[in-house]
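Enquirer: Got a structure for you, written out below as structure tokens; questions coming shortly.
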Amino acid sequence: MNAVIHIRQFAWPDYADVTKVWKSAGRDVLPRAELAAKLVRDPHLFLLAEHDDIVAGVVLGTFDGRRGWILRLAVDPAHRRRGIARRLIGELENRFAALGCPRANLLVMPDNVDALQFWQTLGYLPLPDVLCSKPISTPTTP
């Protein structure tokens, strides 16, 4: 019998379970303070998937008023190939649509062939944009 996958919004008591998923998937753990600052804006876009009452996958989304961004999708390797990532992304896309979001973006490393293939099966196509990034340091007081 197949277990039910339940998608729901993150709550702080889930943090330890979410960090386990990130670690098992080889992702860095988002520190509590950074996550707390993000959740001020759109907490309903941080979703988790429970499989057999175990947190098996997570996705962090954000909406800047113009574009949705899909960040930090991770599924515990022990729970892969059960449609968890697709379900998480489907629910996130529904929530983006409810906000009037016209487009969702995400970043994939160019050598991650499996991820590129996964995203393309969901209709996400690579664009020739160039990512530019700059670390912003905390201002010092004079």
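The values are calculated or read from the model by the stated rules, or taken from the named source; none is laboratory data. These numbers were taken from a predicted model, which means no experiment stands behind them. Every residue, glycine among them, receives a Cβ derived from its backbone with ideal geometry; neighbour counts consider all protein chains shown. Only protein heavy atoms, including side chains, enter the accessible area calculation; ligands, DNA and RNA are left aside. Shrake-Rupley method; radii C 1.70, N 1.55, O 1.52, S 1.80 Å.
Enquirer: P142 is checked against (1) at pLDDT 90 or above; (2) over 11 Å from the mean Cα position of the chain (by Cα) and fails just one. What number does that condition carry?
Expert: Unmet condition: (1).
Enquirer: Look at F63 and say whether it is open to solvent by less than 40 Å² (accessible area, probe 1.4 Å) and within 24 Å of L127 (Cα to Cα).
Expert: yes
Enquirer: Look through segment 69-124, keep the residues that are among the acidic types (D, E) and open to solvent by less than 60 Å² (accessible area, probe 1.4 Å), and return whichever of them is nearest to V58 (Cα to Cα).
Expert: D76
Enquirer: Just checking, how many residues over segment 87-115 are closer than 30 Å to V4 by Cβ and either free of Cβ contacts under 8 Å to residues at least 60 places away in the same chain or hydroxyl-bearing (S, T, Y) (or both)?
Expert: Qualifying residue count, segment 87-115: 17.
Enquirer: Next question. Out of segment 107-128, which residues are part of a helix (DSSP H, G or I) and among the charged types (D, E, K, R)?
Expert: Passing the criteria: only D114.
Enquirer: Can I ask one more? Just checking, how many residues over segment 87-115 are among the basic types (K, R), at pLDDT 95 or above and farther than 19 Å from K38 by Cα?
Expert: 1
Enquirer: Give me the residue from segment 1-46 that is over 14 Å from the mean Cα position of the chain (by Cα) and of a type in the set (S, T, N, Q) and, out of that set, surrounded by the fewest Cβ atoms within 10 Å (Cβ to Cβ).
Expert: If we take residues in segment 1-46 being over 14 Å from the mean Cα position of the chain (by Cα) and of a type in the set (S, T, N, Q), then N2 is surrounded by the fewest Cβ atoms within 10 Å (Cβ to Cβ).
Enquirer: Being more than 15 Å from K20 (Cα to Cα), aliphatic (A, V, I, L, M) and at pLDDT below 95 is the filter here, so list the residues in segment 47-83 that pass it.
Expert: Hit for segment 47-83 is L71, nothing else.
Enquirer: Of all residues in segment 69-100, which are part of a strand (DSSP E or B) and touching a Gly at 6+ places or on another chain (Cβ under 6 Å)?
Expert: Correct list: I70, V75.
Enquirer: Could you say which residue among A49, A56 is part of a strand (DSSP E or B), under 15 Å from G90 (Cβ atoms) and open to solvent by less than 50 Å² (accessible area, probe 1.4 Å)?
Expert: A49
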